[in-house]
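Some notes on the structure that comes next.
The values are calculated or read from the model by the stated rules, or taken from the named source; none is laboratory data. Just so we're clear, the structure is a prediction, and the values are computed from it rather than from any experiment. As a convention, Cβ positions derive from the backbone with ideal geometry for all residues, glycine included, and neighbour counts pool all protein chains shown.
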Amino acid sequence: MLACNSPANKATNDPAATNTSAADSTVKPDQLITPGKGIGHLSIGLPVDSVIVRLGRPDSSDAAMGSALMAWYSKDAGKHRTAVFASRNMGNEDVSRIKKIMVSSPWFRTHDGIATGAILADIEKSYKLKQVDDFTARQKGLQVFDDNGQGITFDIDSTSRKCVAITVHTAHEKPGTYINMH
């Protein structure tokens, strides 16, 4: 389902695969980043078990205090990552639900063509971004920009000013997580 395990992701070394032009053909549903809703066939609010059914066992995971972070890595040289943060309403619900979805593969894109590889100036044309202070991201040379009203966050390489990851979260909700996704 997601590009980490998809044959379509194998072509990400092709320069055309990182083109973020809105002139690209229509984005397919399994590639679509929908702010505040989901990425591909994964949606905010789905039971976390549905991710494991679609993607298999995660390549890495961490859990604490009713929260879990799971990550899957592509098998290609690009080492793209899909990460899901899930949590449950302790005492009221037994099911952990997806709260945030992060992708680093340029195979995924918004309806207007924004994908990883896009420069910050182009992203700012479509989104009202506010910089988020994230110590862990900063240590990795990243700046985090969020459009909280739409529910989408962009990790930007501090040097190149290019997007390296996109995270979808519920609109009007803090973009942070109990377990840091960076």
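Every condition in (1) within 15 Å of residue 152 (Cα to Cα); (2) in contact with a helix residue (DSSP H, G or I) (Cβ under 9 Å, 6 or more places away or on another chain); (3) assigned to a loop (DSSP other than H, G, I, E, B); (4) not polar (S, T, N, Q) holds for residue 75 except the one numbered (1). Can you tell me which residue within region 78-103, out of those that are assigned to a loop (DSSP other than H, G, I, E, B) and hydrophobic (A, V, I, L, M, F, W, C), is nearest to the chain's Cα centre (by Cα)? Across region 78-103, the extreme among qualifying residues is 95. Take the conditions (1) at pLDDT below 95; (2) over 18 Å from residue 45 (Cα atoms); (3) not in a loop (DSSP other than H, G, I, E, B); residue 180 misses just one of them, which is (3). Inside region 93-109, residues that are over 23 Å from residue 148 (Cβ atoms) and buried (at least 22 other Cβ atoms within 10 Å of the Cβ) make up a count of 3.
Within the set 68, 64, the sole residue that is under 25 Å from residue 171 (Cα atoms) and either at pLDDT 90 or above or touching a strand residue (DSSP E or B) at 6+ places or on another chain (Cβ under 8 Å) (or both) turns out to be 68. Take residue 144 and decide whether it is in contact (Cβ under 8 Å) with a residue 60 or more places away in the chain, assigned to a strand (DSSP E or B) and not hydroxyl-bearing (Ser, Thr, Tyr). So residue 144 does not fit the description; no. For residue 104, are the conditions met, namely being among the hydroxyl-bearing types (Ser, Thr, Tyr) and under 23 Å from residue 76 (Cα atoms)? The answer is yes for residue 104.
A count restricted to region 147-161 and to residues that are hydrophobic (A, V, I, L, M, F, W, C) and assigned to a loop (DSSP other than H, G, I, E, B) stands at 0.
Out of 168, 164, one residue alone is farther than 19 Å from residue 79 by Cα, in a strand (DSSP E or B) and modelled with pLDDT of 95 or more. It is 168. As a summary of the residue check, residue 172 satisfies the conditions (1) in contact (Cβ under 8 Å) with a residue 40 or more places away in the chain; (2) over 17 Å from residue 83 (Cα atoms); (3) of a type outside the set (Gly, Ala, Ser) except for the one numbered (1).
A quick yes/no check of all residues on (1) in contact (Cβ under 8 Å) with a residue 12 or more places away in the chain; (2) over 15 Å from the mean Cα position of the chain (by Cα); (3) surrounded by 15 or more Cβ atoms within 10 Å (Cβ to Cβ):
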| position | (1), (2), (3) |
| --- | --- |
| 26 | no, yes, no |
| 33 | yes, no, yes |
| 36 | yes, no, yes |
| 39 | yes, no, yes |
| 42 | yes, no, yes |
| 51 | yes, no, yes |
| 58 | yes, yes, yes |
| 62 | yes, yes, no |
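In region 154-169 there is no residue that is in contact with a Lys or Arg (Cβ under 7 Å, 6 or more places away or on another chain), surrounded by fewer than 18 Cβ atoms within 10 Å (Cβ to Cβ) and either of a type in the set (Val, Ile, Thr) or farther than 16 Å from residue 103 by Cα (or both). Would it be correct to say that residue 133 is modelled with pLDDT under 95, over 18 Å from residue 43 (Cβ atoms) and not aliphatic (A, V, I, L, M)? Yes.
What do you reckon, is residue 87 closer than 24 Å to residue 171 by Cβ, modelled with pLDDT under 95 and crowded, with 20+ Cβ neighbours inside 10 Å? Yes; evaluated as a whole, the condition is true for this residue.
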